[in-house]
Every structure is written in structure tokens, then in C-alpha cells.
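Have a look at the structure below, then the notes.
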Amino acid sequence: MALLRARKATLQAAFDTTLAADELRRYQKYAKPGKPSAHIVQLRQKQAAARQASSLSRQSLIKAAAAFVREAGIEVPERVAIDEFIIHWIDANVPRDSGADATPS
């Protein structure tokens, strides 16, 4: 189902973004002032790519959620973002895989 794939991609992108930010923070803490090292520049590029992937996955989740809500005839409450609503709906109505890890892979 496209909605569940989009949700999984969103979770993976959020995990990757956090990982890249943590790694950058760790190395940037001890960096000398002045021109950043090639490694710091590479980590910044990795973080930017992870953020972009996160934005794209969120957009695909919104698109898939809109299609799913329309096809299923689910009423979305007013003043609630569709992605937030569908995330809570998935958590409440879709059974979890018993063999799956809590951490996305």
C-alpha cells in the first residue's frame, strides 16, 4: 500500500536526518575556527541531503494520505494537518509487524 510505504520512507528520512545532525554536531564541537575541514563540509552536505529526502518523503506521505482518505471516505477533522491525522490513524488502526524493529532500517 502506497500510504504505508510513504510512512516508512518518512520514518527512515527522519532517522537519517537525526543521525546526520548528531554526527555533524559531534565533529563540529571540536572543529577549529576558520575554514571548515573537508570532513565537516561533507557532513553538512550529508545533512542537507537528508533534510531534502525528509521533505520529499513528507510530501509523498501527504499525497498518499490525501488519496487514501478520499478513497476510504474517512473524515479528517478541521484544523488538523492530514499527515498528522493519518499518522495517528495508522498507529491506531494498522496492526504492527510482530517481527519488526522499532528502529527503521
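The values are calculated or read from the model by the stated rules, or taken from the named source; none is laboratory data. Since the model is a prediction, treat every value here as computed from it, not as a measurement. Neighbour counts run over all protein chains shown; Cβ positions are idealised from the backbone, glycine included.
Residues checked against (1) surrounded by 13 or more Cβ atoms within 10 Å (Cβ to Cβ); (2) in contact with a strand residue (DSSP E or B) (Cβ under 8 Å, 6 or more places away or on another chain); (3) touching a residue at least 60 places away in the same chain (Cβ under 8 Å):
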| residue | (1), (2), (3) |
| --- | --- |
| Gln52 | no, no, no |
| Ile62 | yes, no, no |
| Ala65 | yes, no, yes |
| Val69 | yes, no, no |
| Gly73 | no, no, no |
| Pro77 | no, no, no |
| Ile87 | yes, no, yes |
| Asn93 | no, no, no |
| Asp97 | no, no, no |
ask   = Would you pick out the residues in the range 1-48 that are over 28 Å from Asp91 (Cα atoms) and among the aliphatic types (A, V, I, L, M)?
value = Leu24, Ala31, Ala38, Ile40, Val41, Leu43, Ala48
query = Taking the range 33-72 only, how many residues are part of a loop (DSSP other than H, G, I, E, B) and either modelled with pLDDT of 95 or more or not charged (D, E, K, R) (or both)?
reply = 4
